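Asks: Okay, here's the structure, questions in a sec.
The values are calculated or read from the model by the stated rules, or taken from the named source; none is laboratory data. It should be emphasised that the depicted structure is a prediction, and the values quoted were computed from it without experimental measurement. So basically every Cβ, Gly included, is an ideal-geometry build from the backbone, and we count neighbours across all protein chains shown. Please note that ligands, DNA and RNA were not included when accessible areas were found on the heavy atoms of the full protein model with its side chains. Shrake-Rupley method; radii C 1.70, N 1.55, O 1.52, S 1.80 Å.
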Amino acid sequence: MDGSSNPVTAVVLALVAATLLAAGPAAAQEVIELPAEDRRLEANLEEVYRVGAMTGEDWEQFGNVRRVGFDAEGKLYVFDNQADRIHVVGADGEYVRTLGRSGEGPGEFRSPDGLAVMRDGRVVIADLGHRAYHIFDADGELERMVGMALEGGDLRITDIYPDPGGEAIFTAVGAQMLSGSMGGTGARIAPHTSRAVERLVLIGEVATKDTVAEGWLPSGGDNTSIPVDGQTNYRVPRPGVFGPDILPGVLPDGSVAFSDSSAYTIKIARPGAGVWRILTRPLRPIPVTNRVIEDEKERRLEELEERGDRGGIVINGVRQAPNLERLRRRIEELEFFDEVSIVRDLKTGWSGEIWVQRHGPEPGDDDGPIDVLTMDGEYLGTYPAGAIQMPAAFGPDGLVAFIETDELDVETVVVRRLGG
């Protein structure tokens, strides 16, 4: 049967065609359609070590493990942004050193967030307070600080990803915000028209920015602007509930794999060339009906009641109880996208694997099956929902790291090795 006669396939191909038209003239883009049926992968994980304890050494009494990463030697880097420190753990699980501390000087953190570990062991940390990136060498000494490439509008820090070449990092406009300040850098002249995947070159006194690819910017969701000093300070709108996030990951050759739509469409872009390959699976997004909306609101309200006053944020070491009534109102006022985005998370491994997590049986379930693809367009298989968590970081020789929290809210970083 001709694949175009399959209605699901036709929908996916139409979405891909629309993407190509929106992108405008570009180099040839290869579209690879992957199989529709899942092929089961067995989770074969061997624990290597774990760090983090309630009563352990001072360094491993983690306050808030924000991000983790590996270098080419298999050393693990644990960024605790509550303590403003980065702990380095050897491939054998033994403590090596700690980088950074709170302070005003070079190499001292004012408001750090985001972690990029280069393969040679250098570390980049974004610092909102300094408006700069701290770069530490492989021995843990401050190499230099590079100013952020500031633009008008809110200053927002999203995840940063290491360039395998070692002199740059990647980020994406509109990705989930880690921290930010509103109106600190002046008003933008015009609103964002895309969610760009960007490469920031960390040479010189100030980072220089190149656009790798223009990601799709959905309409709707949160308001796109806020008033600042009587002017308009444009923000990137987040799509409504179930709407597509922009989810990037960096591949070994310096290309970027990313998802930016509600369809199962993984784009691969290269600096200077844009999107050059698109991987699709003929999976169809679920329409968002009134029943879906009511069920999701009810689920969130039940989750809020179960959590009660155990949520909130930590300020000066003290957890502040949340305003439950305000949170209930927010849930009732939520805006919804018109369909349920298939892709919920994306990560990339050291050998070019692309891990793509789909939603589960229910639209609000983010912990669905995980597909494993290659950057060459091969579908390796799917881990069933619950068989394995999406790793927080990938390392060499099959190393993966997971951030786990026990019933006492004690955080542990567990390093395992993938078999097979």
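Asks: Looking only at the range 51-67, count how many residues are out of contact with any Pro (no Cβ under 9 Å at 6 or more places or on another chain) and under 25 Å from Tyr161 (Cβ atoms).
Replies: Here the count works out to 7.
Asks: Next question, about the same structure. Answer with yes or no whether Leu324 is modelled with pLDDT under 95 and surrounded by 16 or more Cβ atoms within 10 Å (Cβ to Cβ).
Replies: Against the criterion (modelled with pLDDT under 95 and surrounded by 16 or more Cβ atoms within 10 Å (Cβ to Cβ)), Leu324 does not qualify.
Asks: Scan the range 244-253 residue by residue and report those that are part of a loop (DSSP other than H, G, I, E, B) and either open to solvent by 10 Å² or more (accessible area, probe 1.4 Å) or hydrophobic (A, V, I, L, M, F, W, C) (or both).
Replies: Asp245, Ile246, Leu251, Pro252, Asp253
Asks: Only residues that are open to solvent by less than 30 Å² (accessible area, probe 1.4 Å) and either under 28 Å from Glu335 (Cβ atoms) or not polar (S, T, N, Q) (or both): list them for the range 360-374, please.
Replies: Hits for the range 360-374 are Gly360, Pro363, Gly364, Gly368, Pro369, Ile370, Asp371, Val372, Leu373.
Asks: If you don't mind, there's one more thing I want to ask. Residues of the range 261-285 being open to solvent by less than 20 Å² (accessible area, probe 1.4 Å), assigned to a loop (DSSP other than H, G, I, E, B) and charged (D, E, K, R), which ones?
Replies: Arg281
Asks: Specify the residue that is farthest from Gly249 (Cα to Cα); the eligible residues are those in the range 104-120 that are in contact with a Phe, Trp or Tyr (Cβ under 9 Å, 6 or more places away or on another chain) and open to solvent by less than 20 Å² (accessible area, probe 1.4 Å).
Replies: Here the answer is Gly107.
Asks: List the number of the failed condition for Arg195; all other conditions in (1) open to solvent by less than 50 Å² (accessible area, probe 1.4 Å); (2) modelled with pLDDT of 95 or more; (3) basic (Lys, Arg) hold.
Replies: Of the numbered conditions (1) open to solvent by less than 50 Å² (accessible area, probe 1.4 Å); (2) modelled with pLDDT of 95 or more; (3) basic (Lys, Arg), the odd one out for Arg195 is (2).
Rundown of residues vs (1) among the acidic types (Asp, Glu); (2) open to solvent by 70 Å² or more (accessible area, probe 1.4 Å); (3) without any contact (Cβ under 8 Å) to a residue 60 or more places away in the chain, yes/no style:
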| site | (1), (2), (3) |
| --- | --- |
| Gln61 | no, yes, yes |
| Asp80 | yes, no, yes |
| Gly90 | no, no, yes |
| Val96 | no, no, yes |
| Ala132 | no, no, yes |
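Asks: Just wondering, is there one or more residues in the range 229-243 that are assigned to a strand (DSSP E or B) and modelled with pLDDT of 95 or more?
Replies: no
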